[in-house]
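Novice: For reference, the structure I am asking about is given below.
None of the figures in this text is laboratory data; all of them are computed from the coordinates on show. In this text, all values refer to a predicted model and were calculated from it rather than measured experimentally. Note that we place each Cβ from the backbone using ideal geometry, even for glycine, and neighbour counts take in every protein chain shown.
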Amino acid sequence: MNILLTGATGFVGKQLTIRLLSEGHTVYALARNERKAANLIKSMSAELQSKLFIIEGNIMMDHAGVSNDNIAGLKGTIDTVYHIAAYLSFDDSEKEKTFDINVNGTRNILEFARDIQAKNFYHVSTAYTLGDQLYASETLHSVDNGFVNYYEQSKCHAEHLVFEYEDHFNVSIFRPSIIIGDSRTGEAETTFALYGVIRSFEIMKKRMERKKEIPSNRVKFLCAQDTAQNLVPVDYVVDVLVAGLENSKNKEIYHITNSQPPTNQLVFETIKSELDFNQVELVSTNYDGELTEQEMKFNEPMKVFHQYLDKTLTFDDTNTRQLLNESNVQPLDLNEDVLRTIISGSK
């Protein structure tokens with residue numbers, strides 16, 4: 001198949017590009033950053049490079065910034081567009097930028113897909129478009145829900161926009177939860193979420209080692225113990241996206257989520273073990289005791305995630321399980337050994 005991707009130089013996009021090329025597909029990667037595009041090409045073998053074509057463009061421009069000549073050349077040749085590019089920020093001050101990229105950028109790529117008469121449009125969203133709900137069905141969520149941040153809200157609006165184009169091509173939405181490293185190698189080209197926690201632990205450990213400090217009490221890390229975070233390895237995300245090529249259905253939504261997510265306590269203990277750093281303890285995010293200056297600095301970067309850390313969400317993945325079954329792909333099994341591999345791979 002001929003497949004066009006946005007976000008091909010990103011964490012998920014790169015892995016999806018390599019998988020598609022390895023399976024014999026031809027990939028057209030829409031890119032505005034020449035350096036990142038060059039690095040993407042260099043990261044793969046000559047055989048794979050021969051099937052990868054970089055298309056200069058920018059999703060923030062009309063027709064995705066693609067030249068008329070390239071639009072003419074692509075017209076009628078693209079089987080599927082994967083729209084992965086997005087702006088991930090929980091900073092309220094970046095509301096305008098977040099909506100501009102995630103909603104208007106999606107509109108531009110939808111128009112571009114219509115220009116080139118693509119047959120299928122696969123939108124990679126987020127499982128967290130459910131907003132402040134605790135249960136997510138594989139259906140569109142109301143844009144009138146409450147949301148934890150503008151990122152969630154913008155992605156919810158974008159999903160509704162995608163379904164408005166059902167008369168032009170088949171549309172499917174894929175909703176990954178919190179994406180972590182490869183389940184086999186631990187490799188992860190991201191610094192977000194889990195990796196922010198690991199980085200905070202590493203910095204704290206190095207600071208103590210440098211100052212030769214051994215605190216009389218363990219350093220407090222504000223995080224609920226018994227709730228669970230919905231972690232999914234990047235290779236599983238790619239498995240589901242590739243399965244969609246043959247077996248996804250028009251106007252269906254697929255949760256790329258974990259039906260048995262690890263508790264915060266398990267993740268925390270695994271990080272401590274892998275870093276050999278036991279001078280930390282979990283305390284509730286509602287902890288009302290005093291924190292040392294060191295503890296406040298330690299916890300500051302994680303405040304933005306507290307609303308996620310304090311609750312366990314449930315995601316229906318009936319559609320995804322059916323898709324995987326039809327594609328002979330195994331569902332996710334993120335056991336303790338896999339979690340350890342992923343966390344150790346971040347070091």
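Novice: For labels at R107 and F163 in the simple 7 Å Cα→Cβ model, what's the distance in nm?
Specialist: The two pseudo-label positions are separated by 1.9 nm.
Novice: So, one more: Tabulate in residue order the Karplus-calculated ³J(HN,Hα) for segment 157-174, using 6.51 cos²θ - 1.76 cosθ + 1.60 with θ = phi - 60°, rounded to whole Hz; enter x for Gly and Pro.
Specialist: 4, 4, 4, 4, 4, 4, 5, 5, 9, 4, 7, 9, 6, 5, 10, 9, 10, 10
Novice: Moving on to the next point. Which angle from 0 to 90°, rounded to the nearest 10, does the C-alpha axis of helix 264-275 make with the longest principal axis of the chain?
Specialist: The angle comes out near 80 degrees.
Novice: Calculate how steeply helix 11-22 sits against the longest principal axis of the alpha-carbon atoms of the chain, using the helix alpha-carbon long axis, and give the answer as 0 to 90 degrees to the nearest 10.
Specialist: 50 degrees
Novice: S344 versus E94, label points 7 Å from Cα toward the beta carbon: distance in nm?
Specialist: Between S344 and E94, the label points sit 3.3 nm apart.
Novice: Further question: Kindly work out what percent of the DSSP beta bridges joining two residues of the chain are antiparallel, to the nearest 5. It would help to have the intermediate numbers written out before the result.
Specialist: Values: 1 of 38 bridges.
Within the chain, antiparallel bridges account for around 5 percent of the total.
Novice: Set the Förster radius R0 to 45 Å, insert the Cβ-Cβ distance between E23 and E336 as r into 1/(1 + (r/R0)^6), and round the FRET efficiency to 0.05.
Specialist: Working: r = 31 Å, r/R0 = 0.68.
After rounding, the FRET efficiency stands at 0.90.
Novice: Quick check: net charge around T77, other residues with Cβ under 15 Å of its Cβ, Lys/Arg +1 and Asp/Glu -1? Intermediate results must be reported in sequence, preceding the final value.
Specialist: Values: positive: K51, K75, R114, K119; negative: D69, D79, D115.
Cβ neighbours under 15 Å give a net charge of +1.
Novice: I've got another one for you. May I ask you to order 165-172, 139-146 by the average number of other C-beta atoms within 10 Å around their residues, highest value first? Present the calculation step by step, with values, prior to reporting the outcome.
Specialist: Working: 165-172: 16.8, 139-146: 12.8.
Most protected by this proxy first, the peptides run 165-172, 139-146.
Novice: Let me ask something else. What does the net charge come to around A64 if you take all other residues with beta carbon closer than 15 Å to its beta carbon, with K and R at +1 and D and E at -1? Provide the component values of the computation, followed by the final result.
Specialist: Working: positive: R32, K75, R107, R114; negative: E56, D62, D69, D100, E111, D115.
Summing Lys/Arg as +1 and Asp/Glu as -1 gives -2.
Novice: Give the Cα extents of segment 2-176 along the principal axes, in whole Å, largest first.
Specialist: Over segment 2-176, Cα extents along the principal axes are 47, 33, 28 Å.
Novice: Search the structure for amide H atoms under 5 Å from the amide H of F174, placed 1.01 Å from N in the peptide plane, and list their residues when 5 or more places away or on another chain.
Specialist: H123, V124, S125, Y254
Novice: Do you know the Lys pair count in segment 2-176 for C-alpha distances under 19 Å, with sequence separation 8 or more or different chains?
Specialist: The result is 9.
Novice: Would you mind putting 303-316, 250-263 in packing order, based on average other-beta-carbon counts within 10 Å, highest first? Write down the numbers at each step before the final one.
Specialist: Numbers: 303-316: 16.3, 250-263: 19.9.
For the peptides 303-316, 250-263, the packing ranking is 250-263, 303-316.
Novice: Taking only Cα atoms, what is the 0 to 90° angle, nearest 10, from helix 194-211's long axis to the longest principal axis of the chain?
Specialist: The helix 194-211 is inclined about 40 degrees to the chain.
Novice: Report the label-to-label distance for R207 and K51 in nanometres (one decimal), using points 7 Å from each Cα along the Cα→Cβ vector.
Specialist: Each label point is offset 7 Å from its Cα along the Cβ direction, giving 4.8 nm.
Novice: Taking the Cα centre of each part, how many Å lie between segment 253-326 and segment 97-160?
Specialist: When both Cα centres are located, 24 Å separates them.
Novice: Amide H to amide H, which residues 5 or more places from A8 or on other chains are under 5 Å from it, using H placed in the peptide plane?
Specialist: L30
Novice: In whole Hz, what ³J(HN,Hα) sequence does segment 292-303 give by Karplus (6.51, -1.76, 1.60; θ = phi - 60°), x for Gly and Pro?
Specialist: Taking θ as phi minus 60°, the curve returns 6, 4, 5, 5, 5, 5, 4, 8, 3, x, 8, 4 Hz for segment 292-303.
Novice: Next question, about the same structure. What is the local net charge at Q225, summed over the other residues whose Cβ is closer than 12 Å to its Cβ (Lys, Arg +1; Asp, Glu -1)? Can you show the working numbers first?
Specialist: Details: positive: none; negative: D226, E269, E281, D310.
With Lys, Arg at +1 and Asp, Glu at -1, the net is -4.
Novice: Hey, can you grab everything whose amide H is under 5 Å from the amide H of V219? Only 5+ residues off in sequence or another chain; H modelled, so Pro and N-termini drop out.
Specialist: V280, E281
Novice: Using the Karplus curve 6.51 cos²θ - 1.76 cosθ + 1.60 with θ = phi - 60°, what ³J(HN,Hα) values do you get for each residue of segment 232-239, in whole Hz, with x for Gly and Pro?
Specialist: 9, x, 4, 5, 5, 4, 5, 3
Novice: Show that you can apply the helix-only estimate: for the chain, add -39,500 (n - 2.57) for every DSSP H stretch of four or more residues, divide by all residues, and state [θ] at 222 nm to the nearest 500.
Specialist: Working: 14 runs with 135 residues, N = 347.
Value at 222 nm, helices only: -11500 deg cm²/dmol.
Novice: Could you point to the label whose value was computed as percent of Cα pairs over 27 Å apart for the structure here, given (1) 63; (2) 48; (3) 44?
Specialist: Answer label, from the structure shown: (2).
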